[in-house]
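**Q** The structure that follows is given in the form of structure tokens.
The values are calculated or read from the model by the stated rules, or taken from the named source; none is laboratory data. Just so we're clear, the structure is a prediction, and the values are computed from it rather than from any experiment. Backbone-built Cβ (ideal geometry, glycine too); neighbour counts: all protein chains shown. Heads up: the accessible areas ignore ligands, DNA and RNA and are worked out on the full protein's heavy atoms, side chains in. Shrake-Rupley method; radii C 1.70, N 1.55, O 1.52, S 1.80 Å.
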Amino acid sequence: MSWGTELWDQFDNLEKHTQWGIEVLEKYIKFVKERTEIEINYAKQLRNLSKKYQTKKNSKEEEESKYTSCKAFQNTLNEMSDYAGQHEVISENMSSQIMTELIRFVQELKQERKSNFHEGRKAQQHIETCWKQLESSKRRFERDCKEADRAQQHFEKMDADINVTKADVEKARQQAQIRHQMSDDSKGDYSSVLQKFNGEQNEHYHTHMPSIFQKLQDMEEKRIARLGESLKMYAEIDRQVIPIIGKCLDGITKSAESINEKQDSQTVIEAFKSGFEPPGDVDFEDFTQSIKRTVSDTSLTTTKADGKTDPKTPGKSRGKLWPFIKKNKSPKQQKEPLSHRFNDFMTSKPKIHCFRSLKRGLSLKLCFGFHQGATPEDFSNLPPEQRRKKLQQKVDELNKDIQKEIDQRDALTKMRDVYLKNPQMGDAGSVGQKLIEIGNNIEKLRVEVQKFESWLAEVEGRLPVRNDSSRRQSGLYETQNTAPVNNCAQDRESSPDGSYTEDQSQETEVKVTPTEFDDDFDDEEPLPTIGTCKALYPFDGENEGTISVSEGEILKVIEEDKGDGWTRIRRSEEEEGYVPTSYIEVYLDKNAKGQSGPSLRPSKIKEMHL
């Protein structure tokens with residue numbers, strides 16, 4: 001079937017149809033363009049989402065990434081980034097393989113259509129011109145025939161009239177002959193034009209227009225075929241990335257399967273294990289009978305039930321109590337003269353600061369005079385286990401630095417040998433100076449390694465000892481009678497791990513029972529009230545050292561915010577702790593502002609536990 005045969009008289013409709021076909025193709029191009037924009041925006045959003053939840057460097061999240069669950073999540077984010085990349089590939093391929101090609105094809109199609117219809121209109125104009133000539137020749141022939149007929153009738157009328165002169169008759173006869181001649185000429189011209197028009201018309205409808213219609217038909221079929229190919233390419237572009245997307249999803253599944261809850265639990269132990277022993281049992285204190293104390297020359301000993309002393313049994317120390325664990329106050333025992341004397345010794349001005357700080361849980365580095373934000377070089381502010389890990393990490397880093405320096409030294413040594421053999425290649429003296437500097441650096445690093453290894457050996461040697469914790473607790477309050485306040489720093493130097501223990505060789509002879517020290521602590525006056533506050537929001541106070549409050553509750557302020565966002569408040573004599581400053585509205589007394597004692601804020605409690 002051909003448009004030239006079947007649609008010979010549908011030139012205008014074909015013109016509209018081919019224009020519609022091009023518009024359909026342009027609509028498809030617009031559809032693909034919007035799809036590419038959606039894909040590129042979707043990929044961008046996926047990448048931003050993945051980047052948003054990626055672990056940031058030098059943050060707490062970086063330490064959390066050691067857990068298998070966090071690693072799986074990070075792998076999922078990486079896979080999602082690759083997943084987004086495949087959508088970018090879809091957008092790029094659709095833009096290059098479909099949009100660009102179709103836009104060029106549509107331009108060619110429009111040009112071809114324009115050329116074909118221009119040729120068709122030209123052929124139509126030509127046949128219309130031929131038809132007009134035929135009509136003009138026909139009307140002229142018709143007019144001449146009518147004129148010849150009238151002239152003949154006039155001649156016959158004049159010839160029949162006897163009153164008309166012979167001259168008039170002859171004139172009429174000549175006029176009739178002229179008209180007949182004109183009619184014959186018009187007839188011949190009309191016949192010639194008609195024959196020509198018929199030939200042109202036959203050529204128009206059987207040759208020219210079928211050829212043009214065939215070109216239009218080929219153009220339209222090519223457009224339809226190209227649209228089909230583009231639709232197939234549209235699906236193929238999506239299908240090409242499906243295997244890669246499947247691999248991304250497989251990677252996410254594999255990451256999920258790699259999660260090991262037992263390993264994460266062990267990691268938690270390794271991250272937070274302090275190395276301290278749990279607090280021991282609290283001894284029963286019998287207040288129904290008087291306690292008699294005897295004093296030896298070297299230590300304070302406990303009294304047996306029968307009133308005799310046991311010089312071999314030192315006063316047992318209770319388990320270590322964490323800061324802010326409230327103790328039940330009990331009636332104080334009647335102190336004997338020795339207790340009074342020892343109490344005077346303990347409440348001497350230099351020691352009050354140390355033990356009061358100890359009761360409130362201050363870090364020893366405050367007692368030693370260190371700034372609160374500073375970290376000791378030997379990490380003595382950390383618990384033993386965490387200190388061991390930090391020291392081991394530091395040793396490993398120093399060993400890596402030493403290895404780098406050694407590698408650099410070896411390379412420079414080879415370079416110096418080359419320069420010595422071939423002086424024209426470089427100056428061996430400059431390399432020698434660099435080697436000396438590297439040697440000095442290596443020596444410094446080795447000294448540092450030895451220093452940290454000695455601290456590490458000391459910590460590792462102490463950790464396995466089971467009674468170390470009890471020694472740490474029982475020896476907490478050991479000191480010399482004449483020791484000044486600087487003994488706090490001396491004790492720290494003798495205990496690099498930052499705990500409250502001392503070497504056996506440095507333990508003092510003066511010992512007291514825990515009950516007496518608790519009594520001394522209980523005698524300490526509470527911090528004065530410096531104002532009041534109103535709770536703006538409820539606060540749970542789940543962490544140690546904090547206190548829960550209800551919205552609208554009025555409480556006393558005993559220590560204002562020091563810049564860390566926490567304010568110390570008191571509800572009653574037995575309930576006090578920290579709340580976020582932003583949760584309360586503080587009303588300080590002008591005459592009491594700034595009066596606050598040493599204390600341990602929740603942030604410091606967390607630091608001590610870690």
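**Q** Given labels modelled 7 Å from the Cα in the Cβ direction, how far is it in nm from Gln450 to Asp218?
**A** The modelled label-to-label distance comes out at 9.5 nm.
**Q** Something else about it: Along the charge dipole of the range 133-276, Cβ charges K/R +1 and D/E -1, which of Ser255, Leu134, Asn202 sits furthest on the positive end?
**A** So the residue furthest toward the plus end is Leu134.
**Q** Carbon and sulfur: what percent of the range 108-150's accessible surface (1.4 Å probe)?
**A** The C+S portion of the solvent-accessible surface of the range 108-150 is 47 percent.
**Q** Please report, as a whole percent, how much of the solvent-accessible surface of the range 381-451 comes from carbon and sulfur atoms (probe radius 1.4 Å).
**A** The nonpolar share, carbon plus sulfur, comes to 50 percent.
**Q** Using alpha carbons only, what's the Rg to Rh ratio of the range 379-434 with Rh from Kirkwood?
**A** Radius of gyration relative to Kirkwood radius: 1.39.
**Q** I'd like the carbon and sulfur percentage of the solvent accessible area for the range 1-55, probe radius 1.4 Å, heavy atoms only, ligands and nucleic acids excluded.
**A** Result for the range 1-55: 54 percent of the exposed heavy-atom area is carbon or sulfur.
**Q** Under 5 Å between amide hydrogens, which residues at least 5 positions from Thr546 or on another chain qualify, with H placed 1.01 Å from N in the peptide plane?
**A** Under 5 Å from the amide H of Thr546: Tyr578.
**Q** Do any trypsin sites (Lys or Arg not before Pro) in the range 159-211 lie in a loop, going by DSSP, with at most 14 other beta-carbon atoms within 10 Å of their beta carbon, and if so which?
**A** none
**Q** Still on this structure, I have one more. Amide H of Thr567 versus every other amide H placed in the peptide plane: which residues, excluding those fewer than 5 positions away on the same chain, fall under 5 Å?
**A** For Thr567, the qualifying residues are Val579, Thr581.
**Q** Eigenvalues of the Cα gyration tensor times 5, then square-rooted: what semi-axes does that give for the range 20-101, in whole angstrom, largest first?
**A** Three semi-axes, in Å: 40, 10, 8.
**Q** Moving to a separate point now. Could you check how many percent of all C-alpha pairs in the range 115-217 are farther apart than 17 Å?
**A** 64
**Q** How much FRET efficiency would the formula 1/(1 + (r/R0)^6) give for Arg143 and Tyr205, where r is the Cβ-Cβ distance and R0 is 22 Å, rounded to 0.05?
**A** The computed FRET efficiency comes out at 0.15.
**Q** Could I ask something else about it? Quote the FRET efficiency, to the nearest 0.05, computed for Thr5 versus Lys122 with a Förster distance R0 of 35 Å and r equal to the Cβ-Cβ distance.
**A** For Thr5 and Lys122, the calculated efficiency is 0.95.
**Q** In addition: Given N residues in the range 64-110, what is its alpha carbon radius of gyration divided by 2.2 N^0.38 Å? Please report the intermediate quantities before stating the final value.
**A** Working: Rg = 19.7 Å, N = 47, 2.2 N^0.38 = 9.5 Å.
For the range 64-110, the normalised Cα radius of gyration is 2.07.
**Q** When the Karplus curve 6.51 cos²θ - 1.76 cosθ + 1.60 is applied with θ = phi - 60°, which whole-Hz ³J(HN,Hα) does each residue of the range 554-566 get, with x for Gly and Pro?
**A** Per residue, the Karplus-derived 3J(HN,Hα) values read 9, 9, 9, 9, 10, 7, 7, 4, 9, x, 9, x, 10 Hz.
**Q** Apply the Karplus parameterisation 6.51 cos²θ - 1.76 cosθ + 1.60, with θ equal to phi minus 60°, to every residue of the range 168-177 and state each ³J(HN,Hα) to the nearest whole Hz, in sequence, with x for glycine and proline.
**A** Result, ordered by residue: 5, 5, 5, 5, 5, 4, 4, 5, 5, 5 Hz.
**Q** Looking at the range 5-58, which trypsin sites (Lys or Arg not before Pro) are DSSP coil and have at most 16 other C-beta atoms within 10 Å of their C-beta? Walk me through the intermediate numbers first.
**A** Details: sites: Lys16, Lys27, Lys30, Lys33, Arg35, Lys44, Arg47, Lys51, Lys52, Lys56, Lys57; in loops: Lys56, Lys57.
In loop regions of the range 5-58 (DSSP not H, G, I, E or B), the sparsely surrounded trypsin sites (Lys or Arg not before Pro) are Lys56, Lys57.
**Q** Grab the alpha carbons of the range 43-172, take their convex hull, and tell me the volume per residue in Å³.
**A** 164
**Q** Could you provide, to the nearest whole Å², the per residue accessible area of the range 80-131 with probe 1.4 Å?
**A** Value returned for the range 80-131: 55 Å² of accessible area per residue.
**Q** Using only the Cα atoms of the range 110-157, construct the convex hull and provide its projected area averaged over every direction, in square nanometres to one decimal.
**A** For the range 110-157, the mean projected area of the Cα convex hull comes to 2.7 nm².
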